[in-house]
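Notes to accompany the following structure.
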Amino acid sequence: MVLIVDSGATKADWIALDPKGEQLFMTQTLGLSPEVLTREVIEERLANNFELARNSAKVKRLHFYGAGCGTERMRKFLKNIFARFFPNAKIDVREDTYAAIYSTTQVGKQGIVCILGTGSNCSYYDGHQLIQKVTSLGYILMDDGSGNFFGRKLIRDYFYHKIPQDLSIEFEKEYNLDADVIKENLYKKPNPNTYLATFARFIVEHKDHPYCNGVIDKGFQQFVNNHIMQFELATKVPIHFVGSIAWYLREELKEVIERNDMVLGVIRQRPIEGLVEFHKQTI
């Protein structure tokens, strides 16, 4: 059995294939980012999944692509956890950027591949190798244009009284904006980045409101300026995207990309389907 996994900060998609490349099952867990979760939390999320628990000894290969796996230390940390849970598996752990690349580009084709989901990232793929210009420092300092970026913007503007009154009233109806509740989720509970990203739904649902439209436009332009424009070929190769923010705000994203004289490539909400097709070639 081969397991292929695409894990964002919020959730992880798992697909199991037999030796012929046929799908055995598909399941989902909460995200398994090693940057924000302890060993105990990750082990619990694995053990609580029925399909994974009952098939753990049958897995011969595990291909895991995840948020928070950009450093060797984090990859090793996660690999050790998987080695215990899947005792008979050969394990390969890579950052989620590789999932985005394999699901949007073809071997030998150049492109800039971006992630816009709970978090954000951007890489250049020369057709064979991954090249990154920016080292991510996580959701507090970076993640431009992501779900937690927009969530943080909304909360700040609400408490600074910068959201228009009509929208502020709607915001209050949909979310618990008690300061103590927000601070507890941000500073005492796990996954503060995921918590922030839950507020981005409001941006998507009200994207036609002038305030939200302006926040989206500025957030995507900031992502272009700080990430995509790091690469000299930014206006000469297609720009691909994966992630829920890119998918649900694809028209707004298209406008920003084209305004910067760039070519929009593939947009996928989830890269798991493309990953499966990629790995079927090696089974």
Rg in Å to one decimal, and Dmax rounded to a whole Å, for segment 141-283 via C-alpha atoms:
17.2, 57
The alpha-carbon pair-distance distribution computed for the chain, with 5 angstrom bins and whole-percent values, is 1, 5, 13, 16, 17, 16, 13, 10, 6, 3, 1, 0
Once phi is turned into θ = phi - 60°, what whole-Hz ³J(HN,Hα) does the Karplus curve with 6.51, -1.76 and 1.60 give for every residue of segment 99-116, x standing for Gly and Pro?
5, 4, 5, 5, 8, 10, 10, 10, 4, x, 9, 7, x, 9, 10, 10, 10, 10
Can you list residues whose amide H is under 5 Å from E95's amide H, if they're 5+ apart or on another chain and H is modeled 1.01 Å from N?
G66
Quick one: grab the alpha carbon gyration tensor of segment 11-151, order the square roots of its eigenvalues as a ≥ b ≥ c, and give me rounded if a/c is under 1.5, else prolate or oblate depending on whether a/b is larger than b/c.
oblate
Note down the Stokes-Einstein diffusion coefficient of segment 213-283 in µm²/s, whole number, using a Kirkwood radius over alpha carbon pairs, 37 °C, and 0.692 mPa s.
249
Which one, G265, Q23, S136, projects farthest toward the positive side of the charge dipole computed for the chain from Cβ point charges (K/R +1, D/E -1)?
Q23
So for segment 125-221, using the alpha carbon gyration tensor with a ≥ b ≥ c as root eigenvalues (a/c under 1.5 gives rounded; past that, a/b versus b/c decides prolate or oblate), I'd call it oblate
About its Cα centre, how strong a charge dipole does segment 62-168 have in debye, to the nearest 20, once Lys and Arg get +1 and Asp and Glu get -1 at the Cβ?
360
Give a residue-ordered list of calculated ³J(HN,Hα) values for segment 53-61 (Karplus: 6.51 cos²θ - 1.76 cosθ + 1.60, θ = phi - 60°; whole Hz; x for Gly, Pro).
5, 7, 10, 4, 6, 8, 6, 9, 9
List, in order, the whole-Hz ³J(HN,Hα) value for each residue of segment 71-82 obtained from phi through the Karplus relation with A = 6.51, B = -1.76, C = 1.60 and θ = phi - 60°; use x for Gly and Pro.
10, 4, 4, 5, 5, 5, 4, 6, 4, 5, 5, 5
Amide H partners (placed H, <5 Å) of D126, local residues excluded
I131
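Read-outs throughout are calculated quantities, based only on the coordinates presented, and are distinct from any laboratory measurement. These numbers were taken from a predicted model, which means no experiment stands behind them. Note: ideal-geometry Cβ built from the backbone for every residue, glycine included; neighbour counts use all protein chains shown.
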